[in-house]
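All remarks here apply to the structure that follows.
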Amino acid sequence: MRTLPCYLLLALIAAPSLSESPDRMNHDLLEVTVPQLEQMYREHRYTVTQVVQWYMARIAKYNGIYRAVQNVDAAGALAAAAREDAEASPHGALWGVPVVTKANTSVKGLVTTDGWQGYMIPGHELIAPKDADIVVKLRAAGAIIIGQTNMPDFAASDTNRSTAFGRTGNAYDVRFSPGGSSGGTVTAVTANFAVLGNGTDTGNSIRMPAATSSVVGVFPSRGLVSIAGIAPLDWLLDNTGPIARNVTDATIALDVMAGDDPHAQPGPYTGYLKTDALKGKRFGVPAFILQGAGIPFHGMPSTEQPNRAAADRTAAQTPLRPETRAAFMKALDGLRAAGATIVFDDSILDDSFAEAASHICTLAYIREGTEKFLADYGPPQYRSIEEYEKIAGSPMPHEIINSTDDDNVRPTLKQTNVESDPQAETDFLGPRRRTIEAYVKTLDRLHLDGYVYPAAQMPPPDETMPQDGKISGGPHSDTSWVNMIGVPAVVVPGGFYPDGLPFGLEISARPWKDGDLLGWAYAYEQVTRHRRPPVLVEQGLLPDAR
């Protein structure tokens, strides 16, 4: 294995031999964009190796406090950098761009921890036999994968605390949550530990963390980007997409990550990035989000009794906090300034939409996703759940085999395969189809281009304090319906709360209109320029940030 703990980095990374002073490198590389970095390479200001060393040294300096990066692949990153330096033009779209990948994303030769200590048992580690599809694409474009980011076990939390690596702190204030489950990637990217990274999203996990950390998070149309090689939480809801500090970088990365799909808008998506993209556009605000109406994670089966279903809906309610409502209303001014119209109407995705989405149920198919992943991306020792349990001597946790809910004590469904399940039409395919129809009909009825709403229902919580009487598990959002119907969505920096923590604005589009969506995000970004980088500290609130 090439995986190295971050605290060993300074002992292993040779001081870079630079033609520029460290101060000049800091000036050039902090907040650098992909186009700017590649221009520096063309001008021979820096080599890829020098840039990679700069990022790894920055991780070594600050990661002990923020704990965003679980593993740094120093040997692999420096070898890839040397190859890029030796190659002649033309270079790929991500030439020499330092990238981090989430710890559930397979990188050949590294441990796919999925945030769980159970995949790190000495002698039984889940060492990836091959790269995930998106890693193949990133490498082919010239990206340098420098490390894997921390995430909660199996991506099953709205905060970023794992048995594999502990807690990740928000880069804007380490006491606060960066959200989950892509909190490691958003912290690494916003803190300039990498230029960009990938997140995964089963219920909000690219978008809500992006909102906590003043970065751009893209949820592509589901199916546009392959999730092969990513350890699943719920393979029928999972998605992956780029996280970056600006829309241009995120779009370049999505162009690299995307596959060919006949439904997709013509690429490249960078061609949609125009400053006037919002002029004349109309966006509706979903009423159920303002009301905090809940949608149970994974949905509810048709066999669930009405009183149990009502209790599940109630338990899923997430009120919109007053300070978040105020930040949202203020953020809408930027859309208006860019030429868009915002429509408030109680009939726009009201509680009937949330009720319909709540019946898109994937609970019976959780095990199928885990079995498929282990069969293709597990180590030779175990290529199934049964083989893992035999070798480890302990059962797989429920989150990835049947997804019973610890909080709501929801019933366990018999696990089956969606392809052959006679109930699939009743419990999954039919409700999803009807919910997409309701989504599009509302756009058509009110002549809307998309929807706009807060990416989270609350600010990032202070994790030194209890949240709702127990250890912090948030912040929480009301956006899991995006996964359930698979439409594209993006989060852009939308400003800051009075305490200095970021607020994120989410926009969703018609199915497969990823290019239009990114154009709107770009136009908003260019008008508002909300992002400002965090000021990092070298000493934390606690001696050990875990």
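Overview of values
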item	result
Index of the failed condition, R58 passing every other in (1) over 18 Å from N192 (Cα atoms); (2) assigned to a helix (DSSP H, G or I); (3) in contact (Cβ under 8 Å) with a residue 12 or more places away in the chain	(1)
Test: residue in the stretch 55-72 that is in contact with a Pro (Cβ under 6 Å, 6 or more places away or on another chain) and at negative phi	yes
The lone exception for R433 - which of (1) surrounded by fewer than 24 Cβ atoms within 10 Å (Cβ to Cβ); (2) charged (D, E, K, R); (3) at pLDDT 95 or above; (4) farther than 16 Å from W512 by Cα it fails	(4)
Odd one out for R529, checked against (1) of a type outside the set (G, A, S); (2) free of Cβ contacts under 8 Å to residues at least 12 places away in the same chain; (3) in contact with a strand residue (DSSP E or B) (Cβ under 6 Å, 6 or more places away or on another chain)	(3)
Helices (runs of 4 or more DSSP H) completely within the stretch 303-394 that count 2 or more residues being within 23 Å of the chain's Cα centre (by Cα)	322-337, 351-358, 366-377
Any hit, the stretch 486-500, residues being of a type in the set (V, I, T), in contact with a Pro (Cβ under 8 Å, 6 or more places away or on another chain) and closer than 30 Å to K441 by Cα	yes
Which listed residue is in contact (Cβ under 8 Å) with a residue 40 or more places away in the chain and buried (at least 23 other Cβ atoms within 10 Å of the Cβ), from P498, P488	P488
Close pairs from the stretch 72-95: first crowded, with 20+ Cβ neighbours inside 10 Å, partner at pLDDT below 95 and in a strand (DSSP E or B), Cβ under 7 Å, at least 6 apart	V72/L4; A74/L4
Selection count where residues are more than 26 Å from A424 (Cβ to Cβ) and buried (at least 16 other Cβ atoms within 10 Å of the Cβ), scope the stretch 297-318	1
Count of residues meeting criterion [small (G, A, S) and in contact with a Pro (Cβ under 8 Å, 6 or more places away or on another chain)] in the stretch 332-356	1
Answer residue from the stretch 284-296, given it is at pLDDT 95 or above and in a loop (DSSP other than H, G, I, E, B) and is surrounded by the most Cβ atoms within 10 Å (Cβ to Cβ) among those	I295
Residue match in the stretch 78-95 (condition: closer than 21 Å to N63 by Cβ, in a loop (DSSP other than H, G, I, E, B), out of contact with any His (no Cβ under 7 Å at 6 or more places or on another chain) and not hydrophobic (A, V, I, L, M, F, W, C))	no
Index of the failed condition, E506 passing every other in (1) within 25 Å of G280 (Cβ to Cβ); (2) among the charged types (D, E, K, R); (3) surrounded by fewer than 22 Cβ atoms within 10 Å (Cβ to Cβ)	(3)
T442 vs. criteria β-branched (V, I, T) and farther than 30 Å from N170 by Cα	yes
Residue under evaluation D23, criteria (1) of a type outside the set (G, A, S); (2) at pLDDT 50 or above; (3) surrounded by 13 or more Cβ atoms within 10 Å (Cβ to Cβ), criterion not met	(3)
Scan of the stretch 33-57 for residues that are surrounded by fewer than 20 Cβ atoms within 10 Å (Cβ to Cβ) and either under 22 Å from the mean Cα position of the chain (by Cα) or under 19 Å from G183 (Cβ atoms) (or both), ordered by number	T33
Residue satisfying all of: in the stretch 47-82; aromatic (F, W, Y) and touching a helix residue (DSSP H, G or I) at 6+ places or on another chain (Cβ under 6 Å); farthest from G115 (Cα to Cα) among these	W54
Among the candidates P98, P122, residue that is of a type outside the set (S, T, Y) and in contact with a helix residue (DSSP H, G or I) (Cβ under 8 Å, 6 or more places away or on another chain)	P98
Strands (runs of 3 or more DSSP E) within the stretch 174-276 that include 1 or more residues buried (at least 24 other Cβ atoms within 10 Å of the Cβ) and among the polar types (S, T, N, Q)	196-200, 240-244
Single match in T187, T248, T200 (criterion: farther than 25 Å from R175 by Cβ, modelled with pLDDT of 95 or more and in contact with a Gly (Cβ under 9 Å, 6 or more places away or on another chain))	T200
Index of the failed condition, D114 passing every other in (1) outside any helix (DSSP H, G or I); (2) surrounded by fewer than 18 Cβ atoms within 10 Å (Cβ to Cβ)	(2)
Answer residue from the stretch 117-133, given it is assigned to a loop (DSSP other than H, G, I, E, B) and of a type outside the set (A, V, I, L, M, F, W, C) and is surrounded by the most Cβ atoms within 10 Å (Cβ to Cβ) among those	D131
Subset of the stretch 163-182 [touching a Ser or Thr at 6+ places or on another chain (Cβ under 8 Å), among the small types (G, A, S) and in contact (Cβ under 8 Å) with a residue 60 or more places away in the chain]	A164, G169, A171, S177, G179, S181, S182
Residues that are in a strand (DSSP E or B), touching a strand residue (DSSP E or B) at 6+ places or on another chain (Cβ under 6 Å) and over 21 Å from F297 (Cα atoms), drawn from the stretch 156-173	R167, N170
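A quick yes/no check of all residues on (1) at positive phi; (2) of a type in the set (A, V, I, L, M, F, W, C); (3) in contact (Cβ under 8 Å) with a residue 24 or more places away in the chain:
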residue: D421; (1), (2), (3): no, no, yes
residue: E425; (1), (2), (3): no, no, no
residue: P431; (1), (2), (3): no, no, yes
residue: E437; (1), (2), (3): no, no, no
residue: R445; (1), (2), (3): no, no, no
residue: A455; (1), (2), (3): no, yes, yes
residue: M458; (1), (2), (3): no, yes, yes
residue: E463; (1), (2), (3): no, no, yes
residue: P466; (1), (2), (3): no, no, no
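The values are calculated or read from the model by the stated rules, or taken from the named source; none is laboratory data. This one's a predicted model, so the numbers in the text were calculated from it and none came from an experiment. Neighbour counts are summed over all protein chains in view; Cβ atoms, including those assigned to glycine, are modelled from backbone coordinates with ideal geometry.
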